[in-house]
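Please treat every number below as a calculation from the coordinates, not as lab data. From a predicted model like this one, the values you see are computed outputs, not experimental measurements. Reconstructed Cβ throughout: ideal geometry from the backbone, glycine too, with neighbour counts over all protein chains shown.
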Amino acid sequence: MTETQTNRPLRRGRVFPEIQWSPGKKAKAQAERKEIHQLCWPIFERLQPELIKTHYNWLISIEPESGTYIIEPDMIAMMKKIRQTYPGKKNFIFTINETGVSGTI
């Protein structure tokens, strides 16, 4: 039995090369994320000691303008609830643990 070979060209690079952010746009988005994080962090620090006892490693989404928050154990459920509760608003997601960070570096 002989093996068939494909003559398909290898595609390397971005999936959508026409969508490129300029360095200025990247810096603006990063500054916006940092600003939202700085607004949400004090709220998280205030809530963390009481929530860590009952909701360890759950996710908390904080909306910086109103200070309201959503707690969910699952990221998919969290994203659905965020879209329903805060349509079009920016928020920040923390993990309820000692550091507030999810994952490892």
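What residue, among those in the stretch 76-105 that are among the hydroxyl-bearing types (Ser, Thr, Tyr) and under 11 Å from the mean Cα position of the chain (by Cα), is surrounded by the most Cβ atoms within 10 Å (Cβ to Cβ)?
Here the answer is Thr95.
Given the criterion touching a helix residue (DSSP H, G or I) at 6+ places or on another chain (Cβ under 8 Å), of a type in the set (Val, Ile, Thr) and surrounded by 10 or more Cβ atoms within 10 Å (Cβ to Cβ), identify the matching residue among Ile43, Ile60.
From the options Ile43, Ile60, the qualifying one is Ile60.
Looking only at the stretch 52-105, which residues are among the acidic types (Asp, Glu) and either under 19 Å from Gln38 (Cα atoms) or in contact (Cβ under 8 Å) with a residue 40 or more places away in the chain (or both)?
Within the stretch 52-105, Glu63, Glu65, Glu98 meet the criteria.
Considering only the stretch 44-57, I want to know if a residue exists there that is hydroxyl-bearing (Ser, Thr, Tyr) and within 20 Å of Val101 (Cα to Cα).
Yes, the stretch 44-57 contains a residue that is hydroxyl-bearing (Ser, Thr, Tyr) and within 20 Å of Val101 (Cα to Cα).
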